[in-house]
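The values are calculated or read from the model by the stated rules, or taken from the named source; none is laboratory data. A quick note: this is a predicted structure, and the numbers were derived from the prediction, not measured. In this analysis, Cβ positions are derived from the backbone assuming ideal geometry, glycine residues included, and neighbour counts consider all displayed protein chains.
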Amino acid sequence: MGKNIRIPGAARAGLALLLVGALFVGTGSYLNRGALSLYGLIMAVMGFSIYMISSVMVRDKRKGTHNTKY
């Protein structure tokens, strides 16, 4: 097998939220439901934000440059 990639739980949750939001956007667009598409867009943006923030924090923590002041 190849190299194991360890993804933190917050990053997994962000990716899941991103995918579910994208499905909502697609379904809302297909059914001409603007509210469902908007809700899905908000979910996708929040999922992407959670994923990126957790990925940056884990990268900094592994490099030893994590700022613990916040």
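Here are the numbers:
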quantity: Matching residues, region 1-18, being loosely packed, with under 13 Cβ neighbours inside 10 Å and within 19 Å of the chain's Cα centre (by Cα); calculated: 5, 6, 9
quantity: Qualifying residues in region 35-59 (those that are under 8 Å from the mean Cα position of the chain (by Cα) and surrounded by 14 or more Cβ atoms within 10 Å (Cβ to Cβ)) - the one nearest to residue 5 (Cα to Cα); calculated: 51
quantity: Residue in region 40-64 that is nearest to residue 12 (Cα to Cα), counting only those that are at pLDDT 90 or above and of a type in the set (Ser, Thr, Tyr); calculated: 51
quantity: Residue tally, condition in contact with a helix residue (DSSP H, G or I) (Cβ under 8 Å, 6 or more places away or on another chain) and in a helix (DSSP H, G or I), over region 1-19; calculated: 9
quantity: Filtered residue count, region 20-69, keeping only those that are of a type in the set (Lys, Arg) and assigned to a helix (DSSP H, G or I); calculated: 4
